[in-house]
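Q: My questions will all concern the structure given below.
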Amino acid sequence: MTTAHVFVARKYDEGRLAQVLVAPIVSEKATRVSEKSNQVLFKVLRNATKPEIKAAVELMFKVEVDSVQVVNQKGKVKKFGRSLGRRDHVKKAYVSLKAGQELNFSGESA
């Protein structure tokens with residue numbers, strides 16, 4: 001365990017970090033961003049902060065994170081029959097990995 005991982009464990013509650021990352025986003029855009037700029041997309045909790053997201057990714061996947069950018073996506077208003085409804089708001093995190101680091105969700109070994 002490197003000193004960075006020890007620092008992460010002391011600063012944040014590991015139970016909270018386990019909940020911060022909701023799901024990876026796997027789409028055409030996410031794949032394009034991954035190939036072009038070595039970034040990975042995650043759906044995260046709406047109240048998660050950038051340092052928490054960085055710590056969670058480093059703890060869960062044992063990779064070094066360079067930076068984190070977040071996007072708050074407002075839920076679309078949709079019609080469901082006669083009534084109006086709204087999809088949930090979503091917070092997305094673009095996590096930039098340091099050079100030489102790789103994160104693979106497909107289960108294939110590189």
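Rule-based calculations on the coordinates, nothing more; no lab input. None of the values given here were measured: they were computed from a predicted structure.
Q: Quote the Stokes-Einstein diffusion coefficient, in whole µm² s⁻¹, for the stretch 3-97, based on the Kirkwood radius over alpha carbon pairs, a temperature of 4 °C and a viscosity of 1.567 mPa s. Walk me through the intermediate numbers first.
A: Working: Rh = 14.5 Å.
Translational diffusion coefficient: 90 µm²/s.
Q: Hey, what number do you get for the chain at 222 nm if only DSSP H runs of n ≥ 4 count, each worth -39500 (n - 2.57), divided across all residues, to the nearest 500?
A: -10000 deg cm²/dmol
Q: Which whole-number percent is the relative contact order of the chain (Cα, under 8 Å, 6+ apart)?
A: Working: 156 pairs, mean separation 29.7, N = 110.
That works out to 27 percent.
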